[in-house]
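**Student:** The structure's right below; bear with me while I get my questions together.
The values are calculated or read from the model by the stated rules, or taken from the named source; none is laboratory data. Bear in mind the structure is a predicted one, so any value in this text is a computation, not a measurement. Here the Cβ positions follow ideal geometry from the backbone for every residue, glycine too, while neighbour counts run over all protein chains shown. Keep in mind that these areas ignore ligands, DNA and RNA; they rest on the heavy atoms of the full protein, side chains included. Shrake-Rupley method; radii C 1.70, N 1.55, O 1.52, S 1.80 Å.
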Amino acid sequence: MKSFNNIRAAQRFRLTGVIAVLLLLAACHNPSPSERLGGIDTLINARPDSALTLLNGMARDTAEMSRRDLMRYYLLRTNAENKCDTVLTARHAALMRRVCDYYDNTTSTRREANNRMLAHYLLGRCYSDMGEAPVAMYEFNNAADVADTTDVHSDYATLLRAHSQLAFIIYMQDLYDLQLSELNEVISLSKKVKDFRSEMWAYESVATVLEAKGKRKESLRLLDSVHTELLQHGYRSEAARTSGLELSILVDMGRYDSIASKLHEYERYSGYFDPAGDIEPTKALYYVYKGIYLLHCGKADSAVMLFRKSLHTCYSLETRLAGAKELESFYGKKNVSDSIIKYARLSSRLNDSLRLDIRTAALAQQENSHKYASLQKQADWLRLKNEQAKRHRQLLIFIFIVIVLVGGYFGMGWYTRIKSLERDKKEKQRELEHIRQTYVATLERHEDALSALQLLKDKNTDINKRHQEEIKERENNLSEMASEINSLKKKLEDAENKMHQMEKIQTIQQVDDILSSLDALQHISICLSENPPRSLSPVELKHLREEFREKYPSFYQQLVIGHRLPLKKYDFCLLYRLNIKPANIATLLGVKRSSATMERHRIYESIFGRPDEGGEFMAFLRGIL
């Protein structure tokens, strides 16, 4: 396994390579904003300060960027500022809200999904720095929710940061069980991304939670394990800081024999002490633990000095409260002036009061967090319901428009067809009337000529030759007129036949339209669409006969009453008239397909005494009006 120094050297080597590549790209050509942002994105984790410098240099080019590049620029710059420990303000929050809205409404490619998670994480960091814990928790949860954990290329490092921040905020609200759940998630993700330091931090936090829940032995064993792991991996300072976490447990358990080595390691390797031996003000609680140890060793003066030092070094109420209580306990056991004891008690009570106020404020904030989370869930639920209702309305409007268009299309076709038939019928009627009038007029002229000829024959018994020629000419004219009358009579008969045929076609079309609207057709479709298709039940078959007879009574009259067909044969004719295929008729009536085909021939032969040839059976059924 590599040592810590070898790891740092490898990181510096990779960083130098990245910077060299960026310089070569800049020297070779003028890259686009997207290419420059891609190069900075690879640099931002290793050297966020250098990345921030490069991003600030691109600020003058934002006016020429596309919206996609601009949102990515804001995202990377805020990420670099966060990694450089810049305190994020309301200005950053407003900017990141725009970035979140953009990525929430953008098609989720793999990179866009990772950017969306990072945007919500950074927005949560903004609210966290602003002291808005409820909103910060909500955004960290959003970052965790949008992560696609099924994708091996998902940004698990950002997901780890989101869960770590959630665990820290939950710790500040004393929600220990919920914090343990988040810490377990942090440990799992740390192992996945091989982030050893984050894994150790999570185990340290678990130990802190165990101590808060009164499980000191389990907490101490876990801290010892973390201490050993850190030493094995070369993290000497971090291991020494773990010793500082063990001091409070060892003091509470009274294990003073183990405290000396921990104090020595903490003071030497933790890095919290200045050359004069004074600790950082935020770690001044160490003076209290060391004072308790010195008091146990009989060094009362040194212990009192450290207790007093804890009061003046740090402004933390927790530290001042601990120091004041130890002073009160010490002076209460000694024969000292009342003023010193009174001072210690007053200081202790004052710190107790202030701590109670802070605890009350923390509980109020915790309650507000729960209320905010509940209200946010209700708002999300209402927004989801509104979106579903909106989509439902849009779907209904779309279906209505489709129905109107389809109905209008078929209605217009039906209307055009009816109008066309009516026009053809009127034209044929006019033609028939014209032929009839011509026929009547010609017939009248023929009768007049015959009457005149007969009259002439009666009046002139001895006709000369000229009169005979005139009579012959008139007879010829009469013969031509007779031929013309026969021709007009044939035309009249043809026109009447065409008119009758057109009326018959129109009637057949009307019958087809009536039959297509039968409710029983839906039952037939349901029977045929099932898997496997089923036959019509006796009740359904009865309803089909009754509705068919009601809509089309002449069919029943001519076949059952006129030709005396049995009902079973009538059912075959009825289904054939509905243009149902023989295979489906066999299924509906529960017979073989060959039986359905042969039954058609038997019915036709029983009615007309000859076999059905050339589809005469269907023409016969359609001709029943």
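**Student:** With respect to Ile514, determine if the residue is in a helix (DSSP H, G or I), in contact with a helix residue (DSSP H, G or I) (Cβ under 6 Å, 6 or more places away or on another chain), open to solvent by 50 Å² or more (accessible area, probe 1.4 Å) and at pLDDT below 85.
**Tutor:** yes
**Student:** Here are the criteria: (1) within 30 Å of Tyr138 (Cα to Cα); (2) charged (D, E, K, R); (3) at pLDDT 85 or above; (4) surrounded by fewer than 16 Cβ atoms within 10 Å (Cβ to Cβ). Tell me which single one Glu218 does not satisfy.
**Tutor:** Of (1) within 30 Å of Tyr138 (Cα to Cα); (2) charged (D, E, K, R); (3) at pLDDT 85 or above; (4) surrounded by fewer than 16 Cβ atoms within 10 Å (Cβ to Cβ), only one is false for Glu218: (1).
**Student:** Can you say whether Lys213 is open to solvent by 70 Å² or more (accessible area, probe 1.4 Å) and at pLDDT 85 or above, as far as the supplied structure shows?
**Tutor:** For Lys213, the condition - open to solvent by 70 Å² or more (accessible area, probe 1.4 Å) and at pLDDT 85 or above - is not met.
**Student:** Scan the range 105-127 for residues that are open to solvent by less than 60 Å² (accessible area, probe 1.4 Å) and not hydrophobic (A, V, I, L, M, F, W, C) and jot them down.
**Tutor:** Thr106, Glu112, Asn114, Asn115, His120, Tyr121, Gly124, Arg125, Tyr127
**Student:** What single numbered condition from (1) in contact with a Leu (Cβ under 7 Å, 6 or more places away or on another chain); (2) surrounded by 15 or more Cβ atoms within 10 Å (Cβ to Cβ); (3) over 22 Å from Ala619 (Cβ atoms) fails to hold for Glu540?
**Tutor:** Answer for Glu540: the failing condition is (1).
**Student:** Go through the residues of the range 593-612 one by one and say whether even a single one is of a type in the set (Phe, Trp, Tyr) and closer than 27 Å to Cys527 by Cα. Write out each step before concluding.
**Tutor:** Quick first cut of the range 593-612, residues of a type in the set (Phe, Trp, Tyr) only: 604, 608.
Still in the running and closer than 27 Å to Cys527 by Cα: none.
No: the range 593-612 contains no residue that is of a type in the set (Phe, Trp, Tyr) and closer than 27 Å to Cys527 by Cα.
**Student:** Follow-up question, since we're still on this one. Answer with yes or no whether Arg60 is part of a helix (DSSP H, G or I), more than 21 Å from Gly38 (Cβ to Cβ) and over 31 Å from the mean Cα position of the chain (by Cα).
**Tutor:** In short, no.
**Student:** Would you check if there is a residue in the range 300-320 being over 30 Å from Arg221 (Cβ atoms), at pLDDT 80 or above and in a loop (DSSP other than H, G, I, E, B)?
**Tutor:** no
**Student:** Mind listing whichever residues of the range 223-241 are assigned to a helix (DSSP H, G or I) and either touching a residue at least 40 places away in the same chain (Cβ under 8 Å) or open to solvent by 40 Å² or more (accessible area, probe 1.4 Å) (or both)?
**Tutor:** Here is the first cut: in the range 223-241, the ones assigned to a helix (DSSP H, G or I) are 223-232, 236-241.
Those that are assigned to a helix (DSSP H, G or I) and either touching a residue at least 40 places away in the same chain (Cβ under 8 Å) or open to solvent by 40 Å² or more (accessible area, probe 1.4 Å) (or both): Asp224, Ser225, Thr228, Glu229, Leu231, Gln232, Arg236, Ser237, Glu238, Arg241.
Okay, residues lined up against (1) open to solvent by less than 50 Å² (accessible area, probe 1.4 Å); (2) touching a Leu at 6+ places or on another chain (Cβ under 6 Å); (3) part of a helix (DSSP H, G or I):
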{"residue": "Ala51", "(1), (2), (3)": "yes, yes, yes"}
{"residue": "Leu70", "(1), (2), (3)": "yes, no, yes"}
{"residue": "Leu88", "(1), (2), (3)": "yes, no, no"}
{"residue": "Arg91", "(1), (2), (3)": "no, no, yes"}
{"residue": "Cys100", "(1), (2), (3)": "yes, yes, yes"}
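**Student:** Looking at this structure, is Thr208 of a type in the set (S, T, N, Q), open to solvent by less than 70 Å² (accessible area, probe 1.4 Å) and assigned to a helix (DSSP H, G or I)?
**Tutor:** Values: of a type in the set (S, T, N, Q): yes; open to solvent by less than 70 Å² (accessible area, probe 1.4 Å): yes; assigned to a helix (DSSP H, G or I): yes.
Judged against the criteria, Thr208 is a match.
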